[in-house]
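So the structure is just underneath, and the comments pick up after that.
The values are calculated or read from the model by the stated rules, or taken from the named source; none is laboratory data. Everything numeric here is computed off the predicted structure, so don't read it as measured data. Backbone-built Cβ (ideal geometry, glycine too); neighbour counts: all protein chains shown.
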Amino acid sequence: MNTAAKSEPALSGIKVLDISSGYAGGYCTKVLRDLGADVIKVEIPEIGDVCRSFGPFFNNKPNIETSAPHLYLNAGKKSITLDVTNPEAKDIFLKLCTESDILVENFKPGLMSRMGFRYEELSKSNPGLIMCSLTYFGQFGPYSNFEGSDIVSYAMSGYMHLTGDEDKEPMKAGGRQAEYQCGLAGSMSIIAALLARSLSGHGDHIDVSATEALTSTFDGVAYFQTYHKTGSDPTRAGTRLITREPTAAYPSTLLPCKDGWVHVHYSPSNPEGIGFLTGNERLADDEVMSRMREHADEIDGLITEWLQDHTREEIQTLAQEVRVPFTMVQSIEETMLDPQNEHRKFFTPIEHEVVGKILYPTSPFRLKTADWEALPAPILGQNNHEIYEKDLKICASKITDLKTKGVL
């Protein structure tokens, strides 16, 4: 039972200025927002963050307010419009930076400096400012100014080389994993910089590369050292583990069953469990158990025979009873209705003024002392009046003039 008293979220009082556009910066500041930070999303006038143009859209009708990526990544943030690349926006942007703890950007390396926003300059008026720069290849190096994308980082990280069937072309994993990993690396490094600032009083400039963020999650010691020491280049193995040593543990693969697919996996704590589960003594035989990867084809065939007579749910239930990690492959709808997710309230309804009430993923981390705050994504420029007139004390006539010029 949780007896901890509820209190303010971990990052309560921390002010984040997000001038990035896209998934990496959006997820970086989403993590900070979920931990209690106050995030101001700075968007391009009239069109907003690029994520607003990405589908799917509510009712399949393109609308900058109903983009699913936007609704997810920007839930709970504030939105103001400002073209920070316009020289007339400079003074406003500098004021916003002065009042912020964190600045997140994803411009091409060098552009912030050319606009007069080098970290060294920004930190003169705000020594505690933490600036996080998210790019595909980092702030320096021969690729730093290359055009990038999620699939580019996936290809250059080494991941794509190992994804797909051995005799077919490399494949990309679903979603935008490189950009999400970049955002996650950014948020975690920002939190570390906040801790350092609490001791030194000084901020920092953080350089995050999406390609490096993905490569760093690549079991690097295993794969890179294997190649370095043996010259053996790991190759794609479809849904099987990359490891090909005859004595390596197996299975870990996807196999078909009566109503779909399941992931079947070896259990280190119960090595004979698969044989017991399927009622096939061959799967517990010493010959097979001692050289499992060598017998991969035979193991797959024997397990598939048993799977054909059972549904995904039956397989998962029976396997868990004997502590064998066979798992059903779920659809998106099944994931949203999964009893585990329902019990933990991972998906929660949030009311949005354009979309109405829809389910959102909450957060993958929970704090016992503070609840996740369920707030909708902002309408483009929703907080202009609050930030510009109330906080920055800019007069109405000046705001009108800047809007006319396309600055706001």
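Every condition in (1) more than 22 Å from the chain's Cα centre (by Cα); (2) under 17 Å from Leu134 (Cα atoms) holds for Cys28 except the one numbered (1). The number of residues in the range 136-167 that are of a type in the set (S, T, N, Q) and either touching an Asp or Glu at 6+ places or on another chain (Cβ under 7 Å) or in contact (Cβ under 8 Å) with a residue 60 or more places away in the chain (or both) comes to 4. Just one of the listed residues (Leu17, Leu96) is buried (at least 20 other Cβ atoms within 10 Å of the Cβ), in contact with a strand residue (DSSP E or B) (Cβ under 6 Å, 6 or more places away or on another chain) and part of a helix (DSSP H, G or I), namely Leu96.
Could you please let me know if Ser198 is surrounded by fewer than 21 Cβ atoms within 10 Å (Cβ to Cβ), touching a Pro at 6+ places or on another chain (Cβ under 8 Å) and assigned by TED's automatic domain parsing to the domain that holds Ser20? For Ser198, the condition - surrounded by fewer than 21 Cβ atoms within 10 Å (Cβ to Cβ), touching a Pro at 6+ places or on another chain (Cβ under 8 Å) and assigned by TED's automatic domain parsing to the domain that holds Ser20 - is not met. Within the range 109-135, restricting attention to residues that are assigned to a loop (DSSP other than H, G, I, E, B) and buried (at least 16 other Cβ atoms within 10 Å of the Cβ), the residue that is nearest to the chain's Cα centre (by Cα) is Pro109. Every listed requirement among (1) under 22 Å from the mean Cα position of the chain (by Cα); (2) surrounded by 14 or more Cβ atoms within 10 Å (Cβ to Cβ) is met by Leu337 save one, (2).
Counting only residues that are outside the structural domain of Asp38 (by TED's automatic domain parsing) and touching a residue at least 40 places away in the same chain (Cβ under 8 Å), give me the helices (runs of 4 or more DSSP H) lying completely in the range 307-378 with at least 3 of them. Here the list reads 312-321.
Results for (1) at pLDDT 95 or above; (2) over 30 Å from Ile130 (Cα atoms), shown as yes or no for each residue.
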| position | (1), (2) |
| --- | --- |
| Ile191 | yes, no |
| Ser209 | yes, no |
| Pro246 | no, yes |
| Leu255 | yes, yes |
| Ser267 | no, yes |
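Taking the range 173-189, which residues are outside any helix (DSSP H, G or I) and not hydrophobic (A, V, I, L, M, F, W, C)? Hits for the range 173-189 are Gly174, Gly175, Arg176. Annotation note: Cβ proximity below 9 Å between a residue of the range 79-107 that is modelled with pLDDT of 95 or more and a residue that is assigned to a helix (DSSP H, G or I) and of a type in the set (Lys, Arg) (sequence gap 6+ or interchain) occurs for Thr81/Lys403; Val84/Lys90; Asp101/Arg197. When the range 43-72 is limited to residues that are touching a residue at least 60 places away in the same chain (Cβ under 8 Å) and not in a loop (DSSP other than H, G, I, E, B), the one that is nearest to Ser125 (Cα to Cα) turns out to be Glu43.
Tell me yes or no: at least one residue of the range 55-66 is in the same structural domain as Thr369 (by TED's automatic domain parsing) and within 30 Å of Leu194 (Cα to Cα). No - not one qualifying residue is present in the range 55-66. Pairs linking a residue in the range 177-197 that is under 17 Å from Ser363 (Cα atoms) to a residue that is modelled with pLDDT under 95 and surrounded by fewer than 19 Cβ atoms within 10 Å (Cβ to Cβ), with Cβ atoms under 7 Å and 6 or more positions apart or on different chains, are Gln181/Thr217. Just a yes or no: is a residue in the range 172-182 surrounded by fewer than 22 Cβ atoms within 10 Å (Cβ to Cβ) and farther than 13 Å from Asp150 by Cα? Taking every residue of the range 172-182 in turn, none turns out to be surrounded by fewer than 22 Cβ atoms within 10 Å (Cβ to Cβ) and farther than 13 Å from Asp150 by Cα. Glu389 passes every criterion in (1) exposed (fewer than 11 other Cβ atoms within 10 Å of the Cβ); (2) in a helix (DSSP H, G or I); (3) not basic (Lys, Arg) apart from (1).
The set of residues in the range 247-300 that are touching an Asp or Glu at 6+ places or on another chain (Cβ under 9 Å), of a type in the set (Gly, Ala, Ser) and free of Cβ contacts under 8 Å to residues at least 24 places away in the same chain comprises Gly275, Ala284. Looking at (1) within 28 Å of Met160 (Cβ to Cβ); (2) surrounded by 15 or more Cβ atoms within 10 Å (Cβ to Cβ); (3) at pLDDT below 95, find the lone condition where Ala284 falls short. The failed condition is (1).
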